[in-house]
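The values are calculated or read from the model by the stated rules, or taken from the named source; none is laboratory data. No experiment lies behind these values; they were computed from the predicted model shown. Counting neighbours? That spans all protein chains shown, and the Cβs are built from the backbone with ideal geometry, glycine included. To get the accessible areas, we keep the full protein, side chains included, count just its heavy atoms, and leave off ligands, DNA and RNA. Shrake-Rupley method; radii C 1.70, N 1.55, O 1.52, S 1.80 Å.
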Amino acid sequence: MPEGAQRPLIIGSGIAGLYVALRCAELGLRPTVVTKARLEESNTRYAQGGIAAAIGPDDSPARHLADTVRAGAGLVDRAAARVLTGEAPARIADLVRYGVPFDTIEGHIALGREAAHSRSRLLHAGGDATGYSIEETLKRKVLEAGVETRERTALRALRPGNRVGPVAVLSAANGSSVEVTSPRPVVLATGGVGSLYRQTTNPSVTTGEGMAIAFRAGALVRDMEFVQFHPTAFAREGAPRFLITEAMRGEGAVLRNEAGERFMVGRHPDAELAPRDVVARAIQEEIGRSGRGRVYLDATGLRRDLLLARFPSVSSFLLGQGLDPSRELIPVAPVAHYMIGGVATDLNARSSLPGLFAVGEVAATGVHGANRLGSNSLVEGLVFGERAARQLTRRTSGGPTPPKPTLDVPLARGQGSSADRPVFEEIRTRLWEEVGIVRNREGLTAALARFEEITQSTEPRRDDELPGPVANAALTAGLVARAALARTESRGVHFRSDFPAPRAAWRHHLGLRRSARASRRR
Ligand SMILES: Cc1cc2nc3c(=O)[nH]c(=O)nc-3n(C[C@H](O)[C@H](O)[C@H](O)COP(=O)(O)OP(=O)(O)OC[C@H]3O[C@@H](n4cnc5c(N)ncnc54)[C@H](O)[C@@H]3O)c2cc1C
């Protein structure tokens, strides 16, 4: 194996990046992790509800698979979901081996339940501090294994497909210097797009750069229209959009409108425990009616000691905001939460470009279809992370087959200017307002036109030039808007007011690929 092939570059340090790094080290490779903020900063760190695996006595991977397929609104890739649900228990065993302190009851791992899971299968740690416990444990193990970690932002991958992999262009945290790595396999583990939206549960590091890097390099992306919105984030002016976990509704908290009515009753048989997209749209309607920017989660029926024990992070956040959830209503509103689409990968995490891999939220494995089953994303990073690490020890090519239709998207030569913060903020506002929970042709067309205009001015002129963060943001935002405009139906998390029902003709994935025509022009 050539020297470079033994030294994979892993970009991102959430569950996917850290787990791949650790497994690579255990398998005898010498990985480097680069990450754009502190090592532990990631979506992973904030995950609350749990991590799904069929380990209970009354459960099985087949049941987990059935629930995953049912949630995915007709688009789950069965082969990928079978891998996910079949290998999840073994990956949980890895986390136990690494020392993740999962909560137990009488010596056995405690299993919680969430909407649309037919069995209790969510492992949690520290009550609702599951992601934090996993991230801290993996970080400690990665450092103990002597894996090199560096604070760098990846901006570009060049010359993918050469013998060992692309070269990566990295910039120092403060942008003061740029380096180009030698060719090596590159694993994108850069997470989702949440922070490209004005309102989100995600920390600021999740700006969809992995998707832009892969697309610009020529990789296939898919399912970009499927952005999941979480119905209940804390909604008070000036306060962070902290996630108020669904599990609280699972314990009996209910939603109320300005008039104090339980508006989910009668709207869906499962009322507050209806699928996330249904609850998010219902809240959005109430907000539209009242103009108050929020509805209320009423947890006053739950005992204070239960709230503190089962939801320590949420309770301590709310108490820190001067709100006692056992006595007062919690203002909540829907926000961008999870990116289902991303870099198209095969069952071994290979993108369509040799040497370029994608794992975790940045990848589109097909396991979530058009609607993610809660708690399936942390485990996805482990299952496909393991497969990526094993693949990295071999030298084979492969990659996903482009779905039909796959749109050829031109990427015009730009001015290479580094646009400023207000443009970045404009992208966030437009995504939220025009490519948000409820979409239509008019808004999507306007958003796409503006994102393409920004791309035209910020996209690098030459292959060896650097795209700035705004160029990457505009490119990814444009892919989301383009896919959402193309899908003229409503399915799963993608809702079009001008096409409010699913259409049989759209029961397939949508691929996006940089058109060869534009590549030749560059
Ligand atoms: C509040 C919240 C609660 C959630 N709860 C759950 C839950 O209970 N169960 C569940 O399964 N899922 C949950 N999710 C989703 C889940 O946390 C994520 O899908 C998962 O953690 C993604 O892991 P990842 O490793 O792919 O990405 P992340 O954990 O987001 O990590 C991405 C990493 O990439 C780095 N990065 C990004 N761009 C670059 C770049 N250009 N260069 C270098 N580094 C870069 C970031 O700094 C970060 O380290 C939740 C998400 C949120 C936000």
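Give me the pairs: first residue in region 366-384 and more than 14 Å from residue 230 (Cβ to Cβ) and hydrophobic (A, V, I, L, M, F, W, C), second residue near the ligand (Cβ under 6 Å from one of its atoms) and assigned to a loop (DSSP other than H, G, I, E, B), beta-carbon distance under 6 Å, and six or more apart or on different chains, which are they? Qualifying pairs under 6 Å: 378/47.
Among the candidates 411, 407, 373, the residue that is in a loop (DSSP other than H, G, I, E, B) and away from the ligand (no atom under 16 Å from the Cβ) is uniquely 411.
The set of residues from region 204-239 being closer than 23 Å to residue 411 by Cα and not aliphatic (A, V, I, L, M) comprises 206, 207, 208, 209, 210, 215, 216, 218, 222, 223, 225, 226.
Within region 61-83, does at least one residue satisfy the condition of being hydroxyl-bearing (Ser, Thr, Tyr), surrounded by 19 or more Cβ atoms within 10 Å (Cβ to Cβ) and closer than 30 Å to residue 242 by Cβ? Yes; the residues of region 61-83 include at least one that is hydroxyl-bearing (Ser, Thr, Tyr), surrounded by 19 or more Cβ atoms within 10 Å (Cβ to Cβ) and closer than 30 Å to residue 242 by Cβ. Of the residues making up region 389-402, those that are buried (at least 17 other Cβ atoms within 10 Å of the Cβ) and out of contact with any helix residue (DSSP H, G or I) (no Cβ under 9 Å at 6 or more places or on another chain) are 391, 399, 400. Within region 486-522, being polar (S, T, N, Q) and modelled with pLDDT of 95 or more holds for 488, 490, 497. Among the residues of region 328-348, some residue qualifies, meaning at least one is at positive phi and open to solvent by less than 40 Å² (accessible area, probe 1.4 Å). The single condition among (1) open to solvent by 30 Å² or more (accessible area, probe 1.4 Å); (2) of a type in the set (D, E, K, R); (3) touching a residue at least 40 places away in the same chain (Cβ under 8 Å); (4) closer than 20 Å to residue 311 by Cα that residue 103 does not satisfy is (3). Residues that are among the hydrophobic types (A, V, I, L, M, F, W, C), outside any strand (DSSP E or B), within 14 Å of the ligand (Cβ to nearest atom) and in contact with a His (Cβ under 9 Å, 6 or more places away or on another chain): does region 343-359 have at least one? Taking every residue of region 343-359 in turn, none turns out to be among the hydrophobic types (A, V, I, L, M, F, W, C), outside any strand (DSSP E or B), within 14 Å of the ligand (Cβ to nearest atom) and in contact with a His (Cβ under 9 Å, 6 or more places away or on another chain). Between 97, 113, the distinction of being modelled with pLDDT of 95 or more, away from the ligand (no atom under 12 Å from the Cβ) and of a type in the set (Lys, Arg) belongs to 97 only. Taken over region 51-93, the criterion of being assigned to a helix (DSSP H, G or I), among the charged types (D, E, K, R) and touching a residue at least 40 places away in the same chain (Cβ under 8 Å) is satisfied by 63, 67, 70, 87, 91.
Of 179, 144, all but one fail to be under 24 Å from residue 9 (Cα atoms), away from the ligand (no atom under 12 Å from the Cβ), at pLDDT 95 or above and surrounded by fewer than 18 Cβ atoms within 10 Å (Cβ to Cβ); the exception is 144. Do the conditions hold for residue 236, that is, is it away from the ligand (no atom under 11 Å from the Cβ), within 19 Å of residue 117 (Cα to Cα) and of a type in the set (Lys, Arg)? So residue 236 does not fit the description; no. Taking first residues from region 317-329 that are over 16 Å from residue 129 (Cβ atoms) and partners that are of a type in the set (S, T, N, Q), the Cβ contacts under 9 Å between residues at least 6 apart in sequence or on separate chains come to 324/315; 325/300; 325/315; 326/300; 326/315; 327/300; 328/300; 329/300. If residue 168 satisfies every condition in (1) more than 21 Å from the chain's Cα centre (by Cα); (2) farther than 29 Å from residue 383 by Cβ; (3) within 12 Å of the ligand (Cβ to nearest atom) but one, which is the exception? Here residue 168 clears every test but (2). Of the numbered conditions (1) open to solvent by 40 Å² or more (accessible area, probe 1.4 Å); (2) closer than 30 Å to residue 54 by Cβ; (3) touching a Lys or Arg at 6+ places or on another chain (Cβ under 6 Å); (4) not aromatic (Phe, Trp, Tyr), residue 382 fails exactly one; give the number of that condition. All conditions are met except number (1). Among the residues of region 190-210, those that are more than 9 Å from the ligand (Cβ to nearest atom) and crowded, with 24+ Cβ neighbours inside 10 Å comprise 193, 196, 197. Among all positions in region 129-137, there is at least one residue which is within 13 Å of the ligand (Cβ to nearest atom) and under 30 Å from residue 470 (Cβ atoms). Restricting 255, 243, 307 to those that are open to solvent by less than 20 Å² (accessible area, probe 1.4 Å) and under 30 Å from residue 434 (Cα atoms) reduces the list to 255. Candidates 53, 71: the one that is modelled with pLDDT under 95, within 14 Å of the ligand (Cβ to nearest atom) and of a type in the set (Gly, Ala, Ser) is 71. Cβ-Cβ distances below 7 Å connect the following pairs, each with a first residue in region 494-508 that is closer than 14 Å to residue 483 by Cβ, a second residue that is in a loop (DSSP other than H, G, I, E, B) and open to solvent by 80 Å² or more (accessible area, probe 1.4 Å), and a separation of six or more residues or different chains: 508/404. A residue that is farther than 18 Å from residue 181 by Cα, among the charged types (D, E, K, R) and either away from the ligand (no atom under 15 Å from the Cβ) or assigned to a loop (DSSP other than H, G, I, E, B) (or both) cannot be found anywhere in region 7-16.
Residues are listed down the side, and each one gets a yes or a no for (1) buried (at least 21 other Cβ atoms within 10 Å of the Cβ); (2) in contact with a Ser or Thr (Cβ under 8 Å, 6 or more places away or on another chain):
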| residue | (1), (2) |
| --- | --- |
| 435 | yes, no |
| 444 | yes, no |
| 448 | yes, no |
| 451 | yes, no |
| 454 | yes, no |
| 459 | yes, no |
| 462 | no, no |
| 466 | no, yes |
| 472 | yes, yes |
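Tallying residues that are open to solvent by 20 Å² or more (accessible area, probe 1.4 Å), near the ligand (Cβ under 6 Å from one of its atoms) and not in a loop (DSSP other than H, G, I, E, B) within region 17-50 yields 1.
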